[in-house]
Amino acid sequence: MDIREVLNKRILVLDGAMGTMIQRHTLTEEDFRKGWFENHLSPLKGNNDLLSLTRPDIIEEIHRLYYEAGADIAETNTFSGTTIAQADYGLETAVYDINFHSAQIARKVADEFTVKEPNKPRFVAGSIGPTNRTASISPDVNDPGYRAVTFDDLVVAYTQQVEALMDGGVDLLLVETVFDTLNAKAALYAIDEVFEKRGVKIPIMVSGTITDASGRTLTGQTAEAFLISISHLPLLSVGFNCALGASMMRPYLQVLAKNAPFAVSAHPNAGLPNEFGKYDETAEMMAAQIKEFLDENLINIIGGCCGTTPDHIRAIANLAKNYQPRQIDLNY
């Protein structure tokens, strides 16, 4: 079933944090090497995308827990699945396998749940992260014109990721945690090129991140400017995730709901991190804040980012089923 058919009927629920769930496991360096990278020279612990290859059982279990909690859409374990991000580990050559196998794991679990509950089809979103470099800002304060990555570099990297995700069977692509819109535009350009080459199009979600109380992205764009910058493609949705908790995200979702010709998504953190880097908002606390999004009819897709768990997603899903989605024409 096409996700557009479902989107105007009900609010769809995105899954929660992958990293938070992985941290529940006591993993060693061996877990990140098993069967694939035993002889790799660099340390690999913490490179969570590798677990789709070395510990697929863990990733499969996480997807299953989120679907059981009520998620309609699961994100692949590919947030750092580009040659640019994997270069830190010397694993550029593993990028295709990371994305392909991550997509296949999520596809397998999604199909299991769709067969069991055909009235609630499950979807897989290929997670495309921002990379660890920015095309708009110099990392060297003494050389403002320097860039650690070019637009063309990003296009090449994103093209490889998109092709592998599509080969693995994702239903849609999610360009997320966008702190530099130029990076996102490179991803969208790559996606468009892949679509044209293959003669196949799948829906695209884009989700930016407002980095602080200024209400702007890291590269200085307001919510409205961000929306305008990415509206050249017929997106499935535009939204915000990460950096902020739900209560702080609300004014920026209001801007999108008022102006976006697309569906609106949100997957906030479970509040702001405490002094130990942990997230303290319970499922009930987070759901109470998200209720304001629903009461104002701001969103079509809702989920969780850092610090969220299946408990958070279950509370959000139980709340969202009582509301109608923001109406939008998705026949493009």
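Does the range 152-164 contain any residue that is surrounded by 23 or more Cβ atoms within 10 Å (Cβ to Cβ), of a type outside the set (A, V, I, L, M, F, W, C) and in contact with an Asp or Glu (Cβ under 8 Å, 6 or more places away or on another chain)?
Within the range 152-164, none of the residues are surrounded by 23 or more Cβ atoms within 10 Å (Cβ to Cβ), of a type outside the set (A, V, I, L, M, F, W, C) and in contact with an Asp or Glu (Cβ under 8 Å, 6 or more places away or on another chain).
Among the listed residues Ile62, Ile73, which satisfies the condition of being of a type in the set (Val, Ile, Thr) and touching a helix residue (DSSP H, G or I) at 6+ places or on another chain (Cβ under 6 Å)?
On the way: Ile73 fails: touching a helix residue (DSSP H, G or I) at 6+ places or on another chain (Cβ under 6 Å).
Just a single option satisfies the conditions, and that option is Ile62.
Quick one: which helices (runs of 4 or more DSSP H) sit completely within the range 26-143 and have at least 2 residues that are β-branched (Val, Ile, Thr)?
Values: elements: 51-54, 56-69, 83-86, 95-116.
Ranges flagged: 56-69, 83-86, 95-116.
Whether any residue in the range 217-234 is part of a loop (DSSP other than H, G, I, E, B), more than 30 Å from Ala164 (Cβ to Cβ), of a type outside the set (D, E, K, R) and out of contact with any Cys (no Cβ under 8 Å at 6 or more places or on another chain) is what I want to check.
To start, the set of residues in the range 217-234 that are part of a loop (DSSP other than H, G, I, E, B) comprises 217-221, 231-234.
Then keep just the ones that are more than 30 Å from Ala164 (Cβ to Cβ); that gives 220.
With the extra rule that they be of a type outside the set (D, E, K, R), the set shrinks to 220.
Now drop any that are not out of contact with any Cys (no Cβ under 8 Å at 6 or more places or on another chain), which leaves 220.
Yes, the range 217-234 has at least one match.
Looking only at the range 1-25, which residues are part of a helix (DSSP H, G or I) and of a type in the set (Gly, Ala, Ser)? Lay out the reasoning, then the answer.
First, pick out the residues of the range 1-25 that are part of a helix (DSSP H, G or I): 3-7, 18-22.
Matches in the range 1-25: Gly19 only.
Just one of Asp295, Asp280 is over 19 Å from the mean Cα position of the chain (by Cα), modelled with pLDDT of 95 or more and farther than 24 Å from Ile191 by Cα; which is it? Spell out how you get there, then give the answer.
Values: Asp280 fails: modelled with pLDDT of 95 or more.
Only one candidate passes the filter, namely Asp295.
Which residue is nearest to Ile301 (Cα to Cα), if the candidates are limited to the range 165-185 and must be surrounded by 21 or more Cβ atoms within 10 Å (Cβ to Cβ), touching a strand residue (DSSP E or B) at 6+ places or on another chain (Cβ under 6 Å) and not charged (D, E, K, R)?
Only one residue fits best here, namely Leu174.
Can you tell me how many residues in the range 147-177 are assigned to a helix (DSSP H, G or I), hydroxyl-bearing (Ser, Thr, Tyr) and closer than 14 Å to Pro130 by Cβ?
Initially, the range 147-177 is screened for residues assigned to a helix (DSSP H, G or I), giving 151-168.
Now narrow it down to the ones that are hydroxyl-bearing (Ser, Thr, Tyr): 158-159.
So of that shortlist, the ones also closer than 14 Å to Pro130 by Cβ come out as 158.
Here the count works out to 1.
Among the hydroxyl-bearing types (Ser, Thr, Tyr) and free of Cβ contacts under 8 Å to residues at least 24 places away in the same chain: does that describe Ser229?
Details: among the hydroxyl-bearing types (Ser, Thr, Tyr): yes; free of Cβ contacts under 8 Å to residues at least 24 places away in the same chain: no.
For Ser229, the condition - among the hydroxyl-bearing types (Ser, Thr, Tyr) and free of Cβ contacts under 8 Å to residues at least 24 places away in the same chain - is not met.
Out of the range 192-222, which residues are surrounded by fewer than 24 Cβ atoms within 10 Å (Cβ to Cβ) and of a type in the set (A, V, I, L, M)?
Val194, Val200, Ile202, Ala213, Leu218
The values are calculated or read from the model by the stated rules, or taken from the named source; none is laboratory data. What you see is a predicted model, and the numbers here were worked out from it, not measured in a lab. Virtual Cβ from ideal backbone geometry, glycine too; neighbours counted across all protein chains shown.
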